[in-house]
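This report refers to the structure that appears directly beneath it.
What follows draws every value from the coordinates through simple rules; no lab data is involved. Keep in mind it's a predicted model, so treat the numbers as computed, not measured. As a convention, Cβ positions derive from the backbone with ideal geometry for all residues, glycine included, and neighbour counts pool all protein chains shown.
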Amino acid sequence: MRKNILLYLSLALFSLTSSAQEAKQILDELSDKAANYKSMEADFSYRMLNDADGIDEMQKGSILTSGEKYNLEIAGQKIISDGKTVWTVIEDAEEVQISNVPEEDEAAEEYISPTKILTLWEKGFKYKYVGSENLNGAAHHLIDLFPEDPSDKSFHTIKLFINKAKMEVTKINIKGKDGTDYIYSIDEFNVNGNIAEGQFTFNKPNYDVIDLR
């Protein structure tokens, strides 16, 4: 009986190690590919889902990035950064909040820069290869990410769906501890296009300014 328990334990540990290695190989390939992106443009759908609370909300959004600069638009807000300053723009209220980009060692635990979304797994996560899944008619890898320090996170798992043929992330499902799923689906994705520098700054003098620096 003792031998059987040890055998099952050994097989389980081998399976966990193997799935982590397979996940790492895929994620490393994604990171290598993302390192060659000088710029990125994407349109996405955002869904917040909580069956227990009867929540099912859908939004559309878009993002531009170039190096550490980004322009994110979702839910009536624009969040723009030139890599040093962040402008959070509420168009309907004609208001803009200005803050500094947080230093890496000062960033809030939940903070993930939009420029890091395609490489978020590189720091602070463990990972597991779950298997293959068909999504929108295309074969995908499914990899689960788990925070190394889950105690101060509002989520317990991030599920990555990676198109096998294109080696691109097409869907991200952040599973909250409160039962809420935050699902991002990439509708359009282009890289290395020419993006005007003006996309990464904000200047409308008639807007109310709240300076948080």
Packing-wise, with mean Cβ within 10 Å as the measure, how do 187-196, 167-176, 143-152 rank, highest first? 167-176, 143-152, 187-196
Checked against the structure, the computed log10 I(q)/I(0) by the Debye sum over Cα atoms at q = 0.08, 0.10, 0.18 Å⁻¹ among (i) -0.25, -0.39, -1.45; (ii) -0.34, -0.53, -1.49; (iii) -0.34, -0.51, -1.22 is the one labelled (ii)
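Tell me the net charge near N194. Cut-off is 13 Å between Cβ atoms, N194 excluded, with +1 for each Lys or Arg and -1 for each Asp or Glu.
Numbers: positive: K38; negative: E41, E197.
With Lys, Arg at +1 and Asp, Glu at -1, the net is -1.
For the chain, what is the calculated [θ] at 222 nm in deg cm²/dmol (nearest 500), taking -39500 (n - 2.57) for each run of four or more DSSP H residues and dividing by its residue count? Present the calculation step by step, with values, prior to reporting the outcome.
Numbers: 1 runs with 33 residues, N = 213.
Calculated at 222 nm, the ellipticity per residue is -5500 deg cm²/dmol.
For Cα pairs less than 8 Å apart in space and 6+ apart in sequence, what is the mean separation divided by the residue count of region 2-211, i.e. the relative contact order in percent? Each step should come with its number before you reach the end.
Numbers: 388 pairs, mean separation 48.8, N = 210.
Reported relative contact order: 23 percent.
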How charged is the neighbourhood of D82? Take every other residue with its Cβ under 14 Å from the Cβ of D82, and add Lys/Arg as +1 and Asp/Glu as -1. +2
Nearest 10 degrees, 0 to 90: helix 2-34 Cα axis against the chain principal axis: 30
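Ranking I210, I26 by Cβ neighbours within 10 Å, fewest first, what do you get?
Details: I210 12, I26 18.
Ordered from fewest to most neighbouring Cβ atoms within 10 Å, I210, I26 come out as I210, I26.
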Using alpha-carbon pairs under 8 Å, 6+ residues apart, how would you state the relative contact order of region 104-195 in percent? 17
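What is the calculated FRET efficiency for D56 to S132, with r their C-beta to C-beta distance and R₀ = 25 Å, to the nearest 0.05? Display every interim value, and only then the final one.
Numbers: r = 27 Å, r/R0 = 1.09.
Given R0 = 25 Å and the Cβ-Cβ separation, E is 0.40.
May I ask for the net charge around T157, where only other residues with Cβ less than 12 Å from the Cβ of T157 are counted and Lys, Arg are +1 while Asp, Glu are -1?
Value of the local net charge: +4.
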